[in-house]
Amino acid sequence: MHDAPLSYSQVKRKVTEITGITPIYTDMCIDTCVAFTGPFAELERCPLCSKARFEENSRKPCQQFATFPIGPMLQASRRHLRSSKQMSYRQNETEKLLENFWGNILPTTLSEYLHGSEYIEAVVRGDIRSEDFVLLYTIDGAQLYRSKLSDCWIYVWVLLDLAPEVRYRKDKVLVGGVIPGPEAPKNLDSFTYPGFHHLAALMHGGLSPMGLQW
Ligand SMILES: [Zn+2]
């Protein structure tokens, strides 16, 4: 006997159960001008185009976007021995670089961020510690279907603790948020606010402090 296929909401629940990651949904302007966060959190109309936030005579938002909180994803990256080993690349390389730094030996190859003076100085200052996660944030537009105009914007976190040949792999890049288009976000900060807010809470809560400052 075959099991009945799961409904969309059941699939979402299963993914949450397995990964421990629950997306945060935030209201946004239907034309992707702003997200209703920070100074816009209480507004009922888009401050740029005046379109309504909610459907008529209801509190149902016209449009929302998803943020995937980084905390549980980072925890998962250190949960398994193999990924945990891969995560020690930065730490191992930094130890070697530090030995050279104190011996006044400059790196002979400058192939990545680890070799930059900004990074090693941040380590020496104690801003980046060996147990920290170092993350790169990047955002770009994506067209999901070739034949259909359904552009959306996706931002990702790249774990710079991983070796360069691993860190950009599809299974290692962490999706931070998905913003429906087709327009590009006009006030990008308002859309990344929930993701960065979550990251800042991790830093200040001391649960999983980050070395990078922005
Ligand atoms: Zn708008």
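Where a number appears in this text, it was derived from the coordinates with a stated rule and is not lab data. Fair warning: this is a prediction, and the values are worked out from it, not measured in the lab. Note: ideal-geometry Cβ built from the backbone for every residue, glycine included; neighbour counts use all protein chains shown.
For Lys51, nonlocal amide neighbours, meaning residues 5 or more places apart or on other chains whose placed amide H falls under 5 Å from its own, are Cys46. With semi-axes defined as the square roots of five times the eigenvalues of the C-alpha gyration tensor, the equivalent ellipsoid of the range 8-205 measures 38, 19, 16 Å, largest first.
Taking only C-alpha pairs under 8 Å that are 6+ residues apart, what is the relative contact order of the chain in percent? About 23 percent, as a whole number. The string of couplings for the range 163-174 from the Karplus curve (6.51, -1.76, 1.60, θ = phi - 60°) is 5, x, 6, 9, 5, 9, 5, 3, 7, 10, 6, 9 Hz, one whole number per residue in order, with x for Gly and Pro.
Around Ile105, with a cut-off of 15 angstrom between Cβ atoms, what is the net charge of the other residues, counting Lys and Arg +1 and Asp and Glu -1? In short, -2. A DSSP coil position with no more than 12 other Cβ atoms inside 10 Å describes the following GluC sites (Glu not before Pro) in the range 124-203: Glu131. For the range 11-124, what does the alpha-carbon gyration tensor say about shape, rounded, prolate or oblate, given a ≥ b ≥ c as the root eigenvalues, a/c under 1.5 as rounded, and a/b over b/c as prolate? Judged from the Cα gyration tensor, the range 11-124 comes out oblate (a/c at least 1.5, b/c at or above a/b).
Given a Förster distance of 45 angstrom, what is the FRET efficiency for Arg59 paired with Lys170, based on the Cβ-Cβ distance and rounded to 0.05? So, using R0 = 45 Å, E works out to roughly 0.75. Taking Lys and Arg as +1 and Asp and Glu as -1, the other residues whose beta-carbon sits under 11 Å from that of Lys172 total 0. For the range 46-118, trypsin sites (Lys or Arg not before Pro) are listed when DSSP marks them as loop and at most 12 other Cβ atoms sit within 10 Å of their Cβ; the list is Arg59, Arg79.
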